[in-house]
Amino acid sequence: MANPTNGGQQAAQPAPGALPQLNVLAQYTKDFSFENPNAPRSLQPSQQQPAINLQINVNANQLADNDIEVELKIEGKAEAAGSVLFAFDLIYAGVFRIQNVPQAEMHPIIMIECPRILFPFAREIVAAAVRNGGFPPLMIDPVDFVGLYRQKMTEAQAQTISS
């Protein structure tokens, strides 16, 4: 998980009375692949429910003083009877302008609120690709980005302690 910085410069503190702002400047598919390696055999009806494995990660890159690119990476694979039915890899990103937010609150906003905004769009891309691959659409359950953030922070602390 990337930790965006401002090049070591002192971050500007919000002006007293200025309201915090989070604006989406752009959203886009940065990278996407979908594989249906065993078609048409994988499209035949089956009594067995496929095992679906998902991984979700968030990365951020500082673009300018107030502009940050946030990447939501979703990887998934469906398998049945030891065979891959489909696999996908999506990086869906957005450029966010964050203003009038204290530096101490920036990281959680970047790693929780920004991916929460991106997620419904990424979910739709995955559902459409799976459907277009010949399967029922994969509707990914909502993601607890707060829990994911806490897990990543705990892992980072554990690595710091063990180093």
Scoring the range 21-162 by relative contact order with C-alpha pairs under 8 Å, at least six apart, yields a percentage of 25
Sorted largest first, the Cα spans of the range 102-160 on the principal axes come out in Å as 45, 26, 13
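Helix-only estimate, please: 222 nm mean residue ellipticity of the chain, summing -39500 (n - 2.57) across DSSP H runs of length 4 or more and dividing by its residues, to the nearest 500. Don't skip to the end; give the middle numbers.
On the way: 3 runs with 43 residues, N = 163.
Here the helix-only value at 222 nm equals -8500 deg cm²/dmol.
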In Å, the Kirkwood hydrodynamic radius from C-alpha pairs for the chain sits at 17.8
Between the residues 23, 96, 47, the Cα farthest towards the positive end of the dipole of the chain, that dipole coming from +1 and -1 charges on the beta-carbon of Lys, Arg, Asp and Glu, is from 47
With the 8 Å Cα cutoff and a minimum separation of six or more residues, the range 26-75 has a relative contact order in percent of 26
Rounded to the nearest 10 degrees, the helix 114-132 long axis (Cα) sits at an angle to the longest Cα principal axis of the chain of 20
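Where a number appears in this text, it was derived from the coordinates with a stated rule and is not lab data. None of these values were measured; they are calculated from a predicted model. Don't worry about glycine lacking a Cβ; one is built from the backbone with ideal geometry, like all the others, and counts go over all protein chains shown.
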